[in-house]
């Protein structure tokens, strides 16, 4: 039997696939509200601002705040237990979402989902970093990040398979309940199959005396790494647009062409997310590892280039005159959008001290989700309501999404800063781990 310090390739791959599936469920439960937005909004009588709050801020505040104490636990206790409990919690609240009868009830259910999902990525990132060396980490975390597009694809497919014969017959409550029950079953599988890896297994020779620093010390240590927090702002502003895009895309298409079959739309968007977005995430991670081996600045350059391409494509996608043209632009938009995920996750883990990896992910996601998930859909929904005062619904969404896409600009600038400062921070991280190993 392979010991914990040197896990076999087959076991590592199995763990990575299972953690990616769990991450996919994280995004199924998050994305499904945006997909079903027109039906939830109609059934519960929500405004665009309330819908944006439901998708964004109501979820993000609890997700980001609870992630920090959970990460503190994950740096000290069994990460597999934490992950399986978190998955069961958020899946249970997903099922309760389907029972909501008004804005307050569905808002509370989404807060519960946020609390559970806070325990997903910090222990998962930490587990992967203890199974893969830093030279392979971007690739492994890039595979893990494919849980985002694959989860989104699964959300679209689940919607298509559980809706009625036509797009007008969508039982959104049944979809939430089904997903929640399935997630609870997956939590049982995670607890039974995974085993806790040795902390620092890829960098340290002596694992017995790893000292876990206090929270404030971890916070100060991470904030002293310029490339780390520049990366956080880069992915946060990029995801600001991404979350807003996905939150209002189906609503936009319905306004663009009310006669377009909703079930067909859902299936097409699922295929696009599961192929081009996932392909972009995988390609970006592999290219970052290959290019980064020659020049470490590639971990900043590659995301900056990809997001620079997304900016005009994203704007253009909301000004075309047909649904098919919009979907064509969406295909290229998602391809380039997925590229920054792997390099960003690798920076978050490699630059963090070994005994702060879960905390690094939690703080990274705190910045990411307060800005992106909390701000993106909320900002876009508010803008739509503002522009609706003088414009038709379709035109209001076009104006709102055009302004929202401009948030790609600070993302590009942030990743260019990463490229400038990363060589020094990468070298400093290696020295810190060497010192920890000697101690």
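Could you check segment 247-265 and list, in sequence order, the residues that are part of a helix (DSSP H, G or I) and at pLDDT 85 or above?
In the first step, residues of segment 247-265 are kept if they are part of a helix (DSSP H, G or I); the result is 247-256, 262-265.
Hits for segment 247-265 are 248, 249, 250, 251, 252, 253, 254, 255, 256, 264, 265.
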- Task: Check residue 358 against each of (1) farther than 10 Å from residue 236 by Cβ; (2) at pLDDT 75 or above and name the one condition it does not meet.
- Result: (2)
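Considering only residues that are under 27 Å from residue 256 (Cα atoms) and touching a residue at least 12 places away in the same chain (Cβ under 8 Å), which ones fall in segment 281-318? Steps first, answer last, please.
So in segment 281-318, the residues under 27 Å from residue 256 (Cα atoms) come out as 307-318.
307, 308, 309, 310, 311, 313, 314, 315, 316, 317, 318, listed by residue number.
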- Within segment 379-408, how many residues turn out to be within 18 Å of the chain's Cα centre (by Cα) and either under 21 Å from residue 67 (Cα atoms) or surrounded by fewer than 17 Cβ atoms within 10 Å (Cβ to Cβ) (or both)? 0
- Message: It is to be established whether one or more residues within segment 8-21 are under 27 Å from residue 249 (Cα atoms) and at pLDDT 80 or above.
- Response: yes
- Task: Output the qualifying pairs, or none if there are none: Cβ atoms under 7 angstrom, residues six or more apart or on different chains, first residue in segment 132-157 and under 25 Å from residue 30 (Cβ atoms), second residue part of a loop (DSSP other than H, G, I, E, B).
- Result: 140/132
- Query: Residues of segment 37-48 being at negative phi and either in a helix (DSSP H, G or I) or surrounded by fewer than 19 Cβ atoms within 10 Å (Cβ to Cβ) (or both), which ones?
  - Reply: 37, 38, 39, 40, 41, 42, 43, 44, 47, 48
- Query: Looking only at segment 319-359, which residues are free of Cβ contacts under 8 Å to residues at least 12 places away in the same chain and in contact with a helix residue (DSSP H, G or I) (Cβ under 6 Å, 6 or more places away or on another chain)?
  - Reply: 320
- Query: Going through segment 49-102 one residue at a time, which ones are in contact with a helix residue (DSSP H, G or I) (Cβ under 7 Å, 6 or more places away or on another chain), closer than 20 Å to residue 365 by Cα and not in a helix (DSSP H, G or I)?
  - Reply: 56, 75
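Mind telling me which of the residues 52, 34, 56, 101 ends up being touching a residue at least 12 places away in the same chain (Cβ under 8 Å), more than 16 Å from residue 187 (Cβ to Cβ), out of contact with any strand residue (DSSP E or B) (no Cβ under 9 Å at 6 or more places or on another chain) and surrounded by fewer than 17 Cβ atoms within 10 Å (Cβ to Cβ)? Quick ask: steps written out before the conclusion?
On the way: 52 fails: surrounded by fewer than 17 Cβ atoms within 10 Å (Cβ to Cβ); 34 fails: surrounded by fewer than 17 Cβ atoms within 10 Å (Cβ to Cβ); 56 fails: surrounded by fewer than 17 Cβ atoms within 10 Å (Cβ to Cβ).
Of the residues listed, the single one that is touching a residue at least 12 places away in the same chain (Cβ under 8 Å), more than 16 Å from residue 187 (Cβ to Cβ), out of contact with any strand residue (DSSP E or B) (no Cβ under 9 Å at 6 or more places or on another chain) and surrounded by fewer than 17 Cβ atoms within 10 Å (Cβ to Cβ) is 101.
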- Check segment 368-378 and report whether any residue there is at pLDDT 95 or above and over 24 Å from residue 296 (Cα atoms). no
- Message: Residues that are more than 20 Å from residue 426 (Cβ to Cβ), at least 1 per element: which helices (runs of 4 or more DSSP H) completely within segment 339-392 meet that?
- Response: 357-371, 376-387
- Query: Taking segment 162-190 as the search range and keeping residues that are loosely packed, with under 15 Cβ neighbours inside 10 Å and part of a helix (DSSP H, G or I), which one is modelled with the lowest pLDDT?
  - Reply: 174
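The values are calculated or read from the model by the stated rules, or taken from the named source; none is laboratory data. Because the structure is predicted, anything quoted here is derived from the model rather than measured. Note: ideal-geometry Cβ built from the backbone for every residue, glycine included; neighbour counts use all protein chains shown.
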